[in-house]
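The values are calculated or read from the model by the stated rules, or taken from the named source; none is laboratory data. Fair warning: this is a prediction, and the values are worked out from it, not measured in the lab. Here the Cβ positions follow ideal geometry from the backbone for every residue, glycine too, while neighbour counts run over all protein chains shown. For the accessible areas, the whole protein counts, side chains as well, though only heavy atoms, and no ligand, DNA or RNA atoms are used. Shrake-Rupley method; radii C 1.70, N 1.55, O 1.52, S 1.80 Å.
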Amino acid sequence: MTFQEQHFDLGNGRHLAAKVWGARSDKRLLCFHGWLDNAASFDWIAPKLMDQAQLIAVDMVGHGFSDHLSLGANYYVWEASEDIYRLLDVLGIDQANIIGHSLGGAVSSIFAGTFPERVQKLALIEAIGPYAMTDEQSPSLLARAISGRVRRESQRTCYQDVDSIVRAKQIANGLSESAARAIVERNLERVKDGYCWRSDPRLKQSSAWRVTEAQLRSFFGAITAETLLILGEEGMFNEEIVSLRMSPIQSLSKCWIPGHHHLHMEPETAPAVVAALKSFFEL
């Protein structure tokens, strides 16, 4: 399970951290994790793929060891498209193969619709795009976001021991102990009074603005990459919602696998995810 810690300078004052598995430069898979997770969420599948490809599991901005956004900036999903664009330039990748889980999948699909020429294949794990809003929801969404920022801008919670945080993560996300611990340990910072999250507290704040379903369909309709959607049978989505949301994607195949929202992290379900990824990326 050998990997390297790397940091990438995006050239705009921002650095992204990553766990890099494998040495092949001719076959690279960029991996983007879910909300409040980090690069460690790919610890289960990366060792099984690293002989056939190099996996670059990124700590998305605000998570893990990557930089936080500057004061006043916002964690909008479409803003992350610039991070991916810059990262591809830094890596010298003209056309990327991408794996995205949950939030990472939402960000990756927006990027694939914005810059279709830069994505060759796109694998989405339990990800059907970002939350959308109706026109009528706009005022209340903005009000909730602004009031939330004023109240919570500087809050940072600290904890006394790691085990209690791991148990809380297990309960919140339905994870096994080993899966929860991997994410927690990468996301913690030792401080005088115990442990604090490395992730930016602002990630928990309500978004001030979201795309509409019509806008989202436009992004999805612009995706030209061959796309694989891997879904857990006990995950967050059902067939009706998936079909309605993902129908604009031109080349989409779906794979239902036993497991929950983090099915790529559990020893019982991760092998099936690995098999699907190997077949899709021809590894």
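According to the calculation over all Cα-Cα pairs in segment 6-74, the P(r) per 5 Å bin from zero is 3, 19, 25, 22, 16, 8, 4, 2, 0 %. For the residue pairs LYS169/LYS254; LYS48/LYS254; LYS204/LYS278; LYS19/LYS121; LYS121/LYS204, alpha carbon separations beyond 24 Å are given by LYS169/LYS254; LYS204/LYS278; LYS121/LYS204. For segment 206-217, putting each phi into the Karplus relation 6.51 cos²θ - 1.76 cosθ + 1.60 with θ = phi - 60° gives couplings of 5, 6, 7, 8, 9, 6, 8, 4, 5, 5, 4, 4 Hz, in residue order, rounded to whole numbers and with x for Gly and Pro. Computed with the Debye formula from one identical point scatterer per Cα of segment 1-130, without solvent, the log10 of I(q)/I(0) at q = 0.18, 0.22 Å⁻¹ comes to -0.93, -1.48.
For TYR85 and SER164 in the same chain, what is the full-extension length gain: residue separation times 0.36 nm, less their Cα-Cα distance, in nm?
Working: separation 79, 0.36 × 79 = 28.44 nm, distance 3.79 nm.
Difference between extended and current length: 24.6 nm.
Among 255-266, 23-34, 63-74, how do they line up from the highest to the lowest mean number of other beta-carbon atoms within 10 Å?
Working: 255-266: 21.0, 23-34: 19.5, 63-74: 16.2.
Highest to lowest by the protection proxy: 255-266, 23-34, 63-74.
Largest GNM mean-square fluctuation across LEU91, LEU203, LEU231, computed for the chain with C-alpha springs under 10 Å, falls on LEU91.
Taking the Cβ-Cβ separation of ILE171 and GLU117 as r and a Förster radius of 51 Å, what is the calculated FRET efficiency to the nearest 0.05?
Once the sixth-power term is evaluated, E becomes 0.75.
Alpha-carbon geometry of the chain: the Rg and the Dmax are 18.1, 53 Å, given in that order. Spin-label model, GLU189/GLU233: points 7 Å from Cα along the beta carbon direction are separated by 4.3 nm.
The accessible area of ILE128, taken with all protein chains in place and a 1.4 Å probe, comes to roughly 10 Å².
Rounded to the nearest 20 debye, the dipole magnitude of segment 181-223 is 80 debye, with +1 charges on Lys and Arg beta carbons, -1 on Asp and Glu beta carbons, and the Cα centre as origin.
Computed on segment 155-283, with alpha-carbon pairs under 8 angstrom and 6+ residues apart, the relative contact order is 20 percent. Between HIS33, HIS264, TRP209, the Cα set farthest toward the positive side of the dipole of the chain (charges on each charged residue's Cβ, about the Cα centre) is that of TRP209. Residues whose amide H lies under 5 Å from that of GLU226, counting only those 5 or more places away or on a different chain, are LEU122; hydrogens are built 1.01 Å from N in the peptide plane.
With +1 on the Cβ of every Lys and Arg and -1 on the Cβ of every Asp and Glu, and nothing else charged, how large is the dipole of segment 13-120 about its Cα centre, in debye rounded to the nearest 20?
Details: 8 positive and 12 negative charges, 45 e Å.
For this selection, approximately 220 debye.
Taken about its Cα centre, the chain carries a charge dipole of roughly 500 debye when the Cβ of each Lys and Arg holds +1 and the Cβ of each Asp and Glu holds -1.
Considering only protein heavy atoms and a probe of 1.4 Å, how much of the accessible area of the chain is carbon and sulfur, as a whole percent? Don't skip to the end; give the middle numbers.
Working: 6690 of 12940 Å².
The C+S portion of the solvent-accessible surface of the chain is 52 percent.
Whole-Hz Karplus values for segment 185-197 come out as 5, 6, 9, 10, 10, 6, 10, 4, 8, x, 9, 10, 5 Hz, taken residue by residue from phi with 6.51 cos²θ - 1.76 cosθ + 1.60 and θ = phi - 60°; glycine and proline positions read x. When only alpha carbons are used to place a centre, segment 214-280 and segment 50-83 end up 21 Å from one another. The residue among GLN160, VAL191, SER176 whose Cα reaches farthest toward the positive pole of the charge dipole of segment 154-208, with charges on the beta-carbon of Lys, Arg, Asp and Glu, is VAL191.
Largest accessible area first, the residues MET50, MET133 order themselves as MET50, MET133 under a 1.4 Å probe with ligands, DNA and RNA left out. Positive-end ranking of ILE98, TYR85, PRO139 along the dipole of segment 81-145, with charges on Cβ about the Cα centre, is headed by ILE98.
Over the chain, calculate the relative contact order: mean separation of alpha carbon pairs under 8 Å at least 6 apart, over the residue count, as a percent.
Details: 556 pairs, mean separation 56.2, N = 283.
This gives 20 percent for the chain.
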